[in-house]
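Q: Submitted below is the structure of interest, expressed as structure tokens.
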Amino acid sequence: FPRPPPSPPPSPPPNMCVQHLYPHANLHTSRPLECVTLARADLRGASLPGIVLDGLSLRGALLDAADLSGASLQSVDARGASFAGAKMSKVILQRAHLDGASFAGASLHNADLSSTTLHGANFSGADLAFAKLTMITEGRGIIFDGAVLEGASFTDSSLDNASFVRASLRKASMEDMRLSHARFVGCDYSGISLADSWLTHAQLSGEVLDGANLDHARLMHANLTGASLVNTVLTEGQLQHAVAVGADFTGAALNIADFYDASLQSARFVGAKLTDASFAGAALSGADFTRVIDLEKARFPNATGVAVGLPPFPARAPSPRPPAPPLLPPPLPPPPLPPPLPPRQPPSPPPPTPPLLPPPRPPPLPPRPAPLPAAPPLPPQVPPLSSPSQPCAGGNLTACLNLMCKAPRMQVECGNHCLNCYQFSGLG
């Protein structure tokens, strides 16, 4: 039997927030309880000027061609959302999460995108004139191809690996920002300021940066092949290891600039100011230093090549070879090995252990003797009674007692005294 066709997937439940969306509505302070999120909501073409959606989730939402002019979208989660062709002039997107969001063709004139996260965001063809994109610390790989960035402010932002193909950067402020490995192709840099910016490994080949402000810019390892930097300000610029073959620095201010080990073949420095500039180790074959200012204050240690307007550089002396190590005597032969030890004899078996005998028992104790019979008790000795009172012989107590006392317990009367005979040592 044929199987029945699969049932279509159930349609997602309707978003309870959509019915509460209208121009100038405030879903931040008076949001209904049933309105929890706008994630994946379809709001294409919606007219919501001045709406307040602070803190709501717009993750994956579709807002293509929507009118969000003057809206407040602070701290929203709009990762992966689409705002293509949306009207977003003067919109506030501070601290919003916009990773992977698309603003292609959107109008963001005077918008505030400060402190947002923009990893991989797409602003191709967007109008960001006079927009504020400051303090963006997470903005790797943003696409600004064909975008209008006239007068935009990027101060203190990090836009590594960003793409600026045929973008308009007229009078843009890109100071104190990171643009490492950024790609610039066919852009308009009229009046741009890149002071104190990091442009390491940036791709600027063939770009026209005439009159740009690159004061204290870091261009290490940057590609400036064929670029035009006429009348640019590169004071204290860092161009170590940069590739600027055929670049034009005519009239540029290169005070204290550092071109260490840079490739400057056929570059033009006509009329440039070179006060305390350093070209240590630079390749200068065919470079033109005609009418440069403060040439005597510039330094060219270990520079190579024949340049116009410079005396020939002394040829580098070949580095001396290290002295050959002294010949050592041949190593002594190893000492002979000791003779092998005789095979170990098997151990002799231990002598048999005699069986353990129990210790001999002690002889039995002799029987106890029978107890002796108890002696009969002695009869009590009753002291004899004293004789009748006798007068004291001659009044001498001692003579009386010696005469009268016959037993220790006798009491005698000698004269007017009644005495015990045992009190005198002369008795018994």
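Q: How much length, in nm to one decimal, is gained on full extension between Thr353 and Asp176, taken as 0.36 nm per residue of separation minus their Cα-Cα distance?
A: Values: separation 177, 0.36 × 177 = 63.72 nm, distance 9.54 nm.
Full extension of this stretch gives 54.2 nm more.
Q: Applying the Karplus parametrisation 6.51 cos²θ - 1.76 cosθ + 1.60 with θ = phi - 60° to the phi angles of the stretch 156-166, what ³J(HN,Hα) value in whole Hz is obtained for each residue in order, glycine and proline being reported as x?
A: Going residue by residue, I get 6, 10, 10, 10, 4, 6, 6, 10, 10, 9, 6 Hz, with x marking Gly and Pro.
Q: Can you list the lysines whose alpha carbon sits under 26 Å from that of Lys132, skipping same-chain ones fewer than 8 residues off?
A: List returned: Lys87, Lys90, Lys171.
Q: Using a cut-off of 26 Å between alpha-carbon atoms, which lysines can reach Lys297, once sequence neighbours fewer than 8 places away in the same chain are excluded?
A: Lys273
Q: Another question, if that's okay. Could you report the stretch 182-230's accessible area per residue, 1.4 Å probe, as an integer in Å²? Don't skip to the answer; put the middle values down first.
A: Working: 1660 Å² over 49 residues.
I get 34 Å² per residue for this part.
The values are calculated or read from the model by the stated rules, or taken from the named source; none is laboratory data. On a predicted model such as this, the values are computed, not experimentally measured, just so you know. Accessible surface areas use protein heavy atoms only, side chains included; no ligands, DNA or RNA. Shrake-Rupley method; radii C 1.70, N 1.55, O 1.52, S 1.80 Å.
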